[in-house]
Structures are given as C-alpha cells and as structure tokens.
1. Is it true that Arg75 is open to solvent by 50 Å² or more (accessible area, probe 1.4 Å) and under 25 Å from Asp42 (Cα atoms)?
2. Under 8 Å between Cβ atoms, which residue pairs at least 6 apart in sequence (or on different chains) link something in the range 48-65 that is on the phi > 0 side of the Ramachandran plot and of a type in the set (D, E, K, R) with a partner that is part of a strand (DSSP E or B) and open to solvent by 50 Å² or more (accessible area, probe 1.4 Å)?
3. Checking Ala30 against (1) open to solvent by less than 60 Å² (accessible area, probe 1.4 Å); (2) touching a helix residue (DSSP H, G or I) at 6+ places or on another chain (Cβ under 8 Å); (3) at negative phi, which test does it fail?
4. Return the residues of the range 7-27 that are of a type in the set (Ser, Thr, Tyr), free of Cβ contacts under 8 Å to residues at least 40 places away in the same chain and at negative phi; say none if nothing qualifies.
5. Can you report the number of residues in the range 78-107 which are open to solvent by 80 Å² or more (accessible area, probe 1.4 Å), in contact with a Gly (Cβ under 9 Å, 6 or more places away or on another chain) and either within 16 Å of Ala30 (Cα to Cα) or in a helix (DSSP H, G or I) (or both)?
6. How many residues are under 13 Å from the mean Cα position of the chain (by Cα) and either buried (at least 19 other Cβ atoms within 10 Å of the Cβ) or under 19 Å from Gly77 (Cβ atoms) (or both) if we restrict to the range 4-16?
7. Among the listed residues Ala30, Ala97, which satisfies the condition of being under 30 Å from Pro13 (Cα atoms) and of a type in the set (Gly, Ala, Ser)?
8. Please go through the range 37-61 and give me each residue that is assigned to a strand (DSSP E or B), closer than 19 Å to Arg7 by Cβ and under 14 Å from the mean Cα position of the chain (by Cα), ordered by number.
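The values are calculated or read from the model by the stated rules, or taken from the named source; none is laboratory data. Everything quoted here is computed from the prediction, not taken from an experiment. Note that each Cβ is placed from the backbone with ideal geometry, even for glycine, and that neighbours are counted across all protein chains shown. Accessible surface areas use protein heavy atoms only, side chains included; no ligands, DNA or RNA. Shrake-Rupley method; radii C 1.70, N 1.55, O 1.52, S 1.80 Å.
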Amino acid sequence: MNFEYVRSHYGVPAELGRRVVVSGKPGVIAADRGHYIGVNFDSDKPGVVRNCHPTSEVEYGGMGKVRKPSKGAARYGRWLEYGDAFDSFIQFCRWDAEPERSWNRGY
C-alpha cells in the first residue's frame, strides 16, 4: 500500500490516511487499488472502501485517520478473501479464530 503508481503516473499526493473530497463528498484514502485510490467516505460505514479515479473531481487535503471496520465486517472481509478454501462457514470461523492468526495477535 505505497501508492507509488498513482503518485508517479498521475502526479497526486495520494497516501494512506489523506483526506479527500471526491465530487463534493468528503472521505479518507483507505486503500491502494492500483490505478485507483480506495476511499472510505465519511457517509459510509467504516471498512466500506470505494474505488475512485485519482484525478477525477478529487481535491486532496491534509492527513486524517482511517476508520477501522467492526469485528464482524472485518471477519466478513476475510471470508470473502479466504472463504473458497473451506467447505463451510463454521470451518472458516474455527480457522479464523485460531490464536496464531495475525489478526488475533498471533505471530
């Protein structure tokens, strides 16, 4: 998540946590999406990240704070990422809750 492509190709100051206004809607950059910036708008729930073109009606501001999704939303995001490897949701939940997982403070 270093925004190198967007910064060099489009010449914008994109970085994680930077405040932006896209088409009049305020938000904060929450993800590097390759050719796009991932924005969590103030009107959305934490964790909802929408792709935005880095130069299309975007005003860059100062630094802000990326809001963390709820535990349930974070688990659902991991289900979307890893769920195909499991036979059932409960099997995924058991795997997800194991203490050695990095999101459970495991190393």
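1. When the stated conditions are applied, Arg75 passes them.
2. none
3. (2)
4. Answer for the range 7-27, where residues must be of a type in the set (Ser, Thr, Tyr), free of Cβ contacts under 8 Å to residues at least 40 places away in the same chain and at negative phi: just Ser8.
5. 1
6. 1
7. So the residue among Ala30, Ala97 that is under 30 Å from Pro13 (Cα atoms) and of a type in the set (Gly, Ala, Ser) is Ala30.
8. If the condition is that a residue be assigned to a strand (DSSP E or B), closer than 19 Å to Arg7 by Cβ and under 14 Å from the mean Cα position of the chain (by Cα), then Ile37, Gly38, Val39, Asn51, Cys52 are the ones that fit.
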